[in-house]
Structures are given as structure tokens and as C-alpha cells.
Amino acid sequence: YKDGIVIVNESQYGKGSGTLNFLQPGKETDFWQYRVFREVNPGRELGCTPCYGEYHDGKLYVVSKLDKDPASSVAGGILTVMDGATLRWEGQIDALDPSGARACGRAFLGLDADKGYVSSSNGIWAIDLRNLSVIGQVDGSENPNGPDNKPVGDPTSALYFGQCGAMVQAEGKVFAAHQSKGVLVIDPVLDVVERVITMDCAAPDAIIGSIVKSKDGSLWCSVAEYDETYDYYTAIDKLVRID
């Protein structure tokens with residue numbers, strides 16, 4: 001699976017676990033291979049609504065929101081690790097918070113061969129990639145609303161307010177999108193938030209959507225603001241660039 005594109009297919013909550021599909025180059029017909037993770041790993045599945053995948057240090061890391069979909073008989077993991085070339089399962093993490101509090105997976109960032117970050121509905125969690133275990137939560141990244149236990153489908157739950165999402169590495173720091181705070185600037189050695197960059201320059205009380213890094217090293221953020229018409233946040237037609 002090295003020569004092609006692996007696509008994370010979230011599926012639908014309550015309809016079964018998500019999948020990986022493979023798009024093969026150079027073919028005019030039969031260019032799709034569906035559910036390749038299940039094909040390579042009989043009896044195993046990804047978690048519930050997988051939403052992010054990243055190739056890092058020869059492995060593919062897939063983040064799911066939950067370890068198991070209600071309609072699936074097989075438990076996957078919030079973080080599933082597989083060989084990047086063969087997609088053979090190598091391990092998984094079932095939960096991010098050792099206390100058992102809910103922290104639904106959002107994204108992954110590989111820092112080096114030994115350590116990575118998984119963002120979640122309640123903060124960012126440092127992961128020991130060698131032993132595939134949770135080191136702890138990045139100090140200052142937590143959800144200010146706390147880890148509530150409201151139903152997944154409840155839009156007022158902490159799952160959708162104060163969560164962490166996309167992360168990028170630049171100049172020895174990690175820059176992470178925090179829904180209610182802005183961009184977290186993290187020391188990846190100490191696992192602590194050093195400062196916060198708000199999105200107020202785009203609009204009063206603006207919040208961040210996502211963050212990416214361009215080829216010149218600049219960071220670009222999408223932003224949103226509260227819309228009284230919809231009683232929700234909607235996108236602003238601006239991008240914020242961070243040196």
C-alpha cells in the first residue's frame with residue numbers, strides 16, 4: 001500500500017466502525033480497494049467514526065473518536081497503529097484519559113520516533129509510541145467545560161465546545177487548534193502550553209477552525225465567529241497567518 005492513497009472513511013455513528021479505502025494509481029478501472037484494513041487484519045476493526053490518519057516514521061496512525069461503535073461487535077481503538085506499507089495491525093490505545101473520563105479522539109501528530117500527540121474533546125495527550133501508552137495530558141490544553149458525560153449526539157456537550165483539533169510542528173514547538181482558546185503554543189519536551197494566540201485579529205471573539213503549515217513555514221488558521229441567526233459559529237471569509 002505504499003504506492004497509492006489511503007483514505008480514512010469515517011462511516012456513520014451507530015452504523016458500524018469506520019474503514020480504510022485504497023486508491024490505486026495508474027489504473028483506469030478497479031482503482032478502488034474498499035475496507036482494506038479489515039481485509040489485511042481479519043477480525044479486527046478501527047474504532048467508532050475514525051476521523052484522522054497520519055503516516056509517521058514508517059507507520060500509519062489512525063485516530064477514532066471512540067474505541068467502539070454501538071453497532072459493531074468488535075472493539076477497535078481510539079488510536080490504531082499499523083505498518084505503513086502493509087497496513088498490518090501493530091497495536092492500539094483504547095482510552096486516552098487513564099481516569100476513565102471521556103476524551104474522544106480528534107487528530108494525531110508524530111513528534112519523533114518515541115513520542116506523539118493525540119488531540120481530543122478534552123485536551124491533548126502525549127503518547128509513548130514505543131510502548132503505545134499514554135504519558136499524560138498536555139498541561140493547559142484541557143477543555144474548560146470539563147469531561148462531561150452528555151450523549152454523543154447532544155450539541156451542548158463538551159465534545160463540541162472547548163475541544164482540541166489539528167496540530168502542526170514548527171520551530172521546535174507544537175501549534176494546536178483549541179476551539180475556545182485559539183492556537184496553543186506547546187513545549188513538546190515539557191508537554192506544557194507556553195502561550196495562547198487568540199483569533200481576535202480576525203473578528204471580536206473569533207475562534208479557530210483548523211491550522212496547517214505552508215511550504216514557506218508559515219502557519220495558516222481558518223476562523224469562525226458566532227452567528228445569532230444560526231445560534232452557532234460560522235466561517236469568516238478570512239485566514240489568519242502566523243509567523
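The values are calculated or read from the model by the stated rules, or taken from the named source; none is laboratory data. Nothing here was measured: the structure is a model prediction, and the numbers come from that model. Methodologically, a virtual Cβ is constructed for each residue, glycine included, from the backbone with ideal geometry; neighbour enumeration extends over all protein chains shown. Ligands, DNA and RNA are stripped out before the accessible areas are found, and what is left, the full protein with its side chains, is counted by its heavy atoms. Shrake-Rupley method; radii C 1.70, N 1.55, O 1.52, S 1.80 Å.
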Problem - Label-point separation, residue 10 to residue 75 (7 Å along Cα→Cβ), nm - result: 2.5 nm
Completion exercise
Applied in sequence order to the range 19-33, the curve 6.51 cos²θ - 1.76 cosθ + 1.60 (Karplus, θ = phi - 60°) yields integer Hz couplings, x standing for Gly and Pro, of 9, 10, 10, 10, 9, 8, x, x, 10, 8, 9, 6, 7, 9, 10
Practice task
Can you pull the one-decimal nm distance between simple spin-label points at residue 216 and residue 33, each 7 Å off the Cα toward Cβ?
Solution key: 4.0 nm
Completion exercise
Rounded to one decimal in nm, the spacing of the 7 Å Cα→Cβ label points at residue 239 and residue 90 is 3.3 nm
Handout entry: Accessible area per residue, Å², the chain with all protein chains present, probe 1.4 Å
Key = 50 Å²
Problem - Heavy-atom accessible surface of the chain: percent carbon and sulfur, 1.4 Å - result: 49 percent
Practice task
Over 24 Å between C-alpha atoms is what I'm after, so list which of 150/181; 68/181; 59/238; 173/215; 59/173; 150/238 land there.
Solution key: 68/181; 59/238; 150/238
Practice task
Using a 10 Å Cβ count of at most 11 others and DSSP loop calls, identify the longest part of the chain lacking such GluC sites (Glu not before Pro).
Solution key: 29-170
Exercise for the section: For the range 53-108, give the magnitude of the charge dipole about the Cα centre (Cβ charges: +1 Lys/Arg, -1 Asp/Glu; no others), in debye to the nearest 20. Expected result: 160 debye
Exercise for the section: Let me have the 222 nm mean residue ellipticity of the chain computed from DSSP H runs of 4+ only, each contributing -39500 (n - 2.57), with the sum over all residues rounded to the nearest 500. Expected result: -500 deg cm²/dmol
Practice task
Please get the size of the charge dipole for the range 99-220, origin at its Cα centre, with Cβ charges of +1 on Lys and Arg and -1 on Asp and Glu, quoted in debye to the nearest 20.
Solution key: 260 debye
Problem - Computed magnitude of the charge dipole of the chain (debye, nearest 20; Cβ of K, R +1, Cβ of D, E -1) - result: 580 debye
Handout entry: Summed residue charge, Cβ within 13 Å of residue 111's Cβ, Lys/Arg positive, Asp/Glu negative
Key = -4
